[in-house]
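Reading through the structure tokens given below for one structure.
The values are calculated or read from the model by the stated rules, or taken from the named source; none is laboratory data. Just so we're clear, the structure is a prediction, and the values are computed from it rather than from any experiment. Cβ: placed from backbone, ideal geometry, glycine included. Neighbour counts: every protein chain shown.
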Ligand SMILES: Cc1cc2nc3c(=O)[nH]c(=O)nc-3n(C[C@H](O)[C@H](O)[C@H](O)COP(=O)(O)O)c2cc1C
């Protein structure tokens, strides 16, 4: 299905995901916080940056390899951490990690996953990073860090933009809280959307039904699947926490959720090896500037002391090219592969990566640039007001 010649772009995978997934799950992936302004802007901003090709330059082959935290990846894109991926497709985290490894890139496993970090690491032939929330407190996090070390996880990703879950209005309307309440009478009005997707339902039941979080082991066992808003509020990451995380983990640390040059510097001072310019895909504070818009400010602020990654709104290879031109070393993609996973599991994730890879090669050839490492600001034009001012509202 995903190999059909009619599946040309990520939007096509999105349509297939919408067909296979119950509405609550599709909206959980597709939606953002409040008015979804930042969600939309994250994508739209790429259209405001235009490309400046060098024509009549032969580029018979294009080199997509990039080095990140001392490792070479075959592609300048990684799969972003997505909580609850196991709900999108049976063993969702493991199949996505396998597709990433096969493509020569890294998979980032969310704390809020339905698969253990050991199983996910074993499923992939490539690097696996672990995204850490402090749910359950420091002792619970320390146990996960120790497991990550033993499982040869390559990097720890600490997400700092989640002091409370954003208000995702689609989730509220679809009854996510009621569905997770355990109260059958509250759930009943929201169940027909699942019965309307028998293929998904069969896979969900085959995979064991409602998952637990095997990487959040509380005193009474793995955390049950629940509305995680409260847990996130009780486990906010502060700059002080980075000191003990730094002591507990001697591998690379990546700080995800940087929105400004000031925080980028702070992350570098706190010992980060890399940062991700990210607004959580527009799922947290609605109204923040799109990530591509703040990328130049962040790149200038860190002066090369840490590696800079970006996520948010990447739907085409040309989006990746624009981010690389403006100083990102690589990007994370979230929804772009989540749609593939929701549509068709591993085959869908593989298709998403293929689409982005062939977009990248075509764009580089059309630009007259032989390697992603040669991309620089001279290949793009940014809107005139970007050159003279920081993002609007600052
Ligand atoms: C369904 C979904 C679940 C997510 N779960 C997490 C998570 O558990 N931890 C985290 O750090 N980011 C999470 N994110 C944010 C992504 O890691 C990433 O920042 C975002 O998806 C990038 O934007 P994009 O989807 O437009 O590519 C999630 C995003 C989505 C769409």
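Some notes on this structure:
- Residues being more than 21 Å from residue 84 (Cα to Cα) and either part of a loop (DSSP other than H, G, I, E, B) or more than 21 Å from the chain's Cα centre (by Cα) (or both) - total across the range 1-33: 9
- The criterion of at least 2 residues that are in contact with a helix residue (DSSP H, G or I) (Cβ under 8 Å, 6 or more places away or on another chain) and over 30 Å from residue 331 (Cα atoms) is met, among strands (runs of 3 or more DSSP E) falling completely within the range 173-284, by 212-218.
- Residue, nearest to residue 282 (Cα to Cα), within the range 69-90, restricted to residues that are out of contact with any helix residue (DSSP H, G or I) (no Cβ under 8 Å at 6 or more places or on another chain) and surrounded by fewer than 24 Cβ atoms within 10 Å (Cβ to Cβ): 83
- All of (1) buried (at least 20 other Cβ atoms within 10 Å of the Cβ); (2) closer than 18 Å to residue 104 by Cα hold for residue 354 with one exception: (1).
- Among the candidates 321, 331, 294, 308, the residue that is closer than 18 Å to residue 77 by Cβ, part of a helix (DSSP H, G or I) and touching a strand residue (DSSP E or B) at 6+ places or on another chain (Cβ under 8 Å) is uniquely 321.
- Whichever residue in the range 31-53 is out of contact with any helix residue (DSSP H, G or I) (no Cβ under 7 Å at 6 or more places or on another chain) and farther than 19 Å from residue 161 by Cβ and, among such residues, is surrounded by the most Cβ atoms within 10 Å (Cβ to Cβ): 48
- For residue 365: the one exception among (1) farther than 28 Å from residue 27 by Cα; (2) in contact with a helix residue (DSSP H, G or I) (Cβ under 8 Å, 6 or more places away or on another chain): (2)
- Residue list for the range 69-88, restricted to those being more than 12 Å from the ligand (Cβ to nearest atom) and assigned to a loop (DSSP other than H, G, I, E, B): 69, 70, 74, 75, 76
- Counted residues, the range 332-351 - those being buried (at least 24 other Cβ atoms within 10 Å of the Cβ) and either more than 12 Å from residue 107 (Cα to Cα) or more than 12 Å from the chain's Cα centre (by Cα) (or both): 11
- For the range 331-352, filtering for residues that are more than 13 Å from the ligand (Cβ to nearest atom) and either over 17 Å from residue 84 (Cβ atoms) or at pLDDT below 95 (or both) leaves 5.
- Number of positions in the range 115-135 that are closer than 26 Å to residue 209 by Cα and either more than 15 Å from the ligand (Cβ to nearest atom) or in a helix (DSSP H, G or I) (or both): 9
- Among the candidates 315, 266, the residue that is buried (at least 21 other Cβ atoms within 10 Å of the Cβ) and at pLDDT 95 or above is uniquely 315.
- The range 90-114 - residue that is part of a helix (DSSP H, G or I) and within 13 Å of the ligand (Cβ to nearest atom) and, of those, farthest from residue 231 (Cα to Cα): 96
- In the range 145-171, the residues that are closer than 21 Å to residue 244 by Cβ form Cβ pairs under 6 Å with partners that are assigned to a helix (DSSP H, G or I) and away from the ligand (no atom under 14 Å from the Cβ), at six or more places apart or across chains, as follows: 145/248; 151/118; 151/121.
- If you go through the range 136-168 and pick out every residue that is in a loop (DSSP other than H, G, I, E, B), under 27 Å from residue 101 (Cβ atoms) and away from the ligand (no atom under 16 Å from the Cβ), you end up with 3.
- Breaking point among (1) more than 16 Å from the ligand (Cβ to nearest atom); (2) surrounded by 18 or more Cβ atoms within 10 Å (Cβ to Cβ); (3) farther than 19 Å from residue 361 by Cβ, for residue 66: (3)
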